[in-house]
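Okay, so here's the structure we're looking at.
The values are calculated or read from the model by the stated rules, or taken from the named source; none is laboratory data. Remember, it's a predicted structure, so these values are computed and weren't measured experimentally. Cβ coordinates were reconstructed from backbone atoms using ideal geometry, including for glycine residues, and neighbour counts include every protein chain displayed.
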Amino acid sequence: MYRSHTCGEIRMSHVDQEVTLSGWVHKTRDKGFVVWVDLRDRYGITQLVFDEERTDKSLLEKAKSLGREFVVQVKGSVIERTSKNGNIPTGDIEVLVTQLTILNTSQTPPFTIEDNTDGGEDLRMKYRYIDIRRNPVKENLIFRSKVAIEVRKYLAEEGFIEVETPYLIKSTPEGARDFVVPSRMNEGQFYALPQSPQTFKQLLMVGGLDKYFQIVKCFRDEDLRADRQPEFTQIDCEMAFVEQEDILNAFEGLTRHLLKEIKGIDTGDFPRMTFDDAMKKYGNDKPDIRFGMEFGELNEVAQHKDFNVFNASELVVGIAVPGAASYTRKQIDALIDWVKRPQVGAKGMVYVKCNEDGTYKSSVDKFYDQDDLAKWAEKTGAKAGDLICVLSGKTNHTRAQLSALRMELAERLELRNPNEFAPLWVIDFPLLELDEETGHYHAMHHPFTSPKPGQLELLDTEPGAVKANAYDLVLNGNEIGGGSIRIHDKEIQSIMFKHLGFTPEEAKAQFGFLMDAFEYGAPPHGGIAFGLDRLVSILGGQETIRDFIAFPKNNSGRDVMIDAPATIDEEQLKELNLKLDL
Ligand code: ASP
C-alpha cells in the first residue's frame, strides 16, 4: 500500500497514529541535527521531520540526500508540532518518519512549484506536466472537471443522451478552414476534422434520438487570435420537436444550474435582447451588461450645426463615462490616441465634460452651445461629473469602435467584476452576413439555420434583412453558447445553399447525405453549443482559456511540449501518396 492518507488530510485528531504517505519532495530544510521535508501531493502538503534524537543515523542521512521533486514514500507517526503553521490545514502536525523509500529521483525542476512561480510562460508550456503540479493550474483542471460533471449530471437528468460522433468526416462549415487528414487507403482523398458535430447531431434527430448532447472536441484552422485554440471543446446539444423558446428555456436551465452549483449564485430569468438592439445600444452582439455606458445616438442633436465631420457621418454616437469629467487634458489625449490606434481605427474623438456645476465644456464648443450639449447628455444618460465620448463615421465601424472604447474604459474603471455574472440571450440574429471584401453573403451562423417564419421571400429582395431563428448566450461580454432552429425541409435547405453560392451539384457533393436524410421524415429540430473552455474560464473568474486546458497550444498553434506539428518521414508520405513541394 503506497499510502494510508493523503498529504492534505492529517490533523490533530490523527496524533499518535501511524501513517504512510507518498508524494513529491516540495522543499527540504536541513539544520544539520534536524531535517524537515515538505511532502506534497494533489491534496496538500504535510511536514515530515527527521532528527538526531529520534531518527536513526542512516535515515537522517537519507533524508539529507533528497532533492526537490523526488518521489518518496514514508511511514511514521503523527506528532503535534511545537511551532505551528496557521497558513496550511495540516500546519498543527508533522510526521516523525521511521521509514523512507525513494520511489524515484528527479532532476532539479526548471521552475519553482509555487503559486507564484519564477517560470516564464514558454518554459511552463514546455514542461506542462510540472506546471500542472502547481496549485493554480491544478485547481483550474479540477474546476473544469467539476463543471463538466455538473453538465453531464444536469443533462442526463433532463433526459439527454450522450452520443459520440466521428472525428474523421467531411467538412462541416462553421466559417473556418478545416484541418484535413489524408487517407492512406483512399488515395488522394482526405478526411476533414469536424469544426463541430453539426450535421451529425441533426442526423441523430432524424434518427429519433430527440435529445442529444456531447462534450466534444472541435477543430478549426483559423489564423490564431489571442485566446483561441485550434482544438477546443464544446458542450454540443440538439433537440427535436422544439421551437426557439424550448431551447432557450432548456439551456437557461443548464446555465442557471451551473451558476448555482459551481458559484452558489441564484439567477432569475435571463434577460433577452435582439441583435439589432444589442448593436444599437452596445455596438456589439455580445454586450457585457454588468455595467451601463449604453450608447446614445446623437445624429438628431448633432447634425444641425456647421460641424462637417458630424454632418458627413452616417452615425454620431456617444457614451457617458462615469466620473471622468475630471480627466486631465493629458488623460483625454491618451484616450483619443487609444481610439486612433490601428486596432480600433477611429479618426478622432469629440468629448464633453459634464461639470459638477451643470455646465458643459466640450472639444467642439465652437459649434455647439450649452443647450445642444445638454441634449447630448440627455441622450447618453450623462450626469454631472461624467465625460461624454463621441465617435462618428460609418454605422458599423463607429459602433465597433465605440464598443471597444466602452470595454476598455470599463476595464480601467474596474467595472468588470469577475464575481458578478450577467447572462444575456441575444436573439433574432440576421440569417446572412455581407462579406465586405467579396460582396457576397454568407451564413452568419451556419447554412443549416432556418430563417424566421415568413421571411424566406425576403431572401431574393433584401437578403441582409432576413432574420434567423438563431440565438447566442452571452455571459459577461463573452459568447458562451450559440445555436439555432434548423431547416428540416429539403426544399428550403436547397434554397439556402443556392443563396450561399453553392451550385446544386456542389450542394449535393458536400451535403447530399443531409438532404437525403431530410427525405426520410426529418422532425423539426434545433440546438445549441456552448464553448466549454470559455465557460469554465469565465466561471473561474478568469478570461484566458489556456489556463483551463491541460495541454494547450501556443499562439502559433504549436504544442511546444511534444513539439507538434512536425514533419513526417518520406516513408509515411509515400504511403499516403503525398508529395511535398516546399
Ligand atoms: N454547431 C454550432 C456551432 O458550433 C452550434 C449549433 O448551432 O448548435 O457554433
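Scanning the range 291-338 for residues that are free of Cβ contacts under 8 Å to residues at least 24 places away in the same chain and of a type in the set (Gly, Ala, Ser), we see that the one that is nearest to residue 361 (Cα to Cα) is 334.
Per the listing 250, 240, 278, the residue uniquely away from the ligand (no atom under 16 Å from the Cβ) and either over 19 Å from residue 471 (Cβ atoms) or modelled with pLDDT of 95 or more (or both) is 278.
Of the strands (runs of 3 or more DSSP E) that lie entirely inside the range 150-233, those containing 2 or more residues that are in contact with a helix residue (DSSP H, G or I) (Cβ under 8 Å, 6 or more places away or on another chain), within 16 Å of the ligand (Cβ to nearest atom) and of a type in the set (Phe, Trp, Tyr) span 211-219.
The rows are residues; the columns are (1) more than 26 Å from the chain's Cα centre (by Cα); (2) of a type in the set (A, V, I, L, M, F, W, C); (3) farther than 28 Å from residue 79 by Cβ.
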{"residue": "100", "(1), (2), (3)": "yes, yes, no"}
{"residue": "104", "(1), (2), (3)": "yes, no, no"}
{"residue": "116", "(1), (2), (3)": "no, no, yes"}
{"residue": "119", "(1), (2), (3)": "no, no, yes"}
{"residue": "123", "(1), (2), (3)": "no, yes, yes"}
{"residue": "134", "(1), (2), (3)": "no, no, yes"}
{"residue": "139", "(1), (2), (3)": "no, no, yes"}
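Can you name the condition, by its number, that residue 172 falls short on among (1) touching a residue at least 24 places away in the same chain (Cβ under 8 Å); (2) surrounded by fewer than 20 Cβ atoms within 10 Å (Cβ to Cβ)? All conditions are met except number (2). Residue pairs whose Cβ atoms lie under 8 Å apart, separated by 6 or more positions or on different chains, with the first residue in the range 500-523 and among the acidic types (Asp, Glu) and the second assigned to a helix (DSSP H, G or I), are 506/497; 519/490. Within the range 527-551, the residues that satisfy the criterion of being closer than 23 Å to residue 242 by Cβ and out of contact with any Asp or Glu (no Cβ under 7 Å at 6 or more places or on another chain) are 528, 530, 531, 532, 535. Taking every residue in the range 178-194 that is hydroxyl-bearing (Ser, Thr, Tyr) and pairing it with any residue that is not in a loop (DSSP other than H, G, I, E, B), at least 6 positions away or on another chain, the pairs with Cβ-Cβ distances below 6 Å are 191/181. Residue count for the range 363-390 satisfying the condition of being without any contact (Cβ under 8 Å) to a residue 24 or more places away in the chain and surrounded by 21 or more Cβ atoms within 10 Å (Cβ to Cβ): 1. Taking the numbered list (1) away from the ligand (no atom under 16 Å from the Cβ); (2) modelled with pLDDT under 95 in turn, residue 270 passes all entries but (2). Considering only the range 549-568, I want to know if a residue exists there that is exposed (fewer than 11 other Cβ atoms within 10 Å of the Cβ) and in a helix (DSSP H, G or I). No, the range 549-568 has no match at all.
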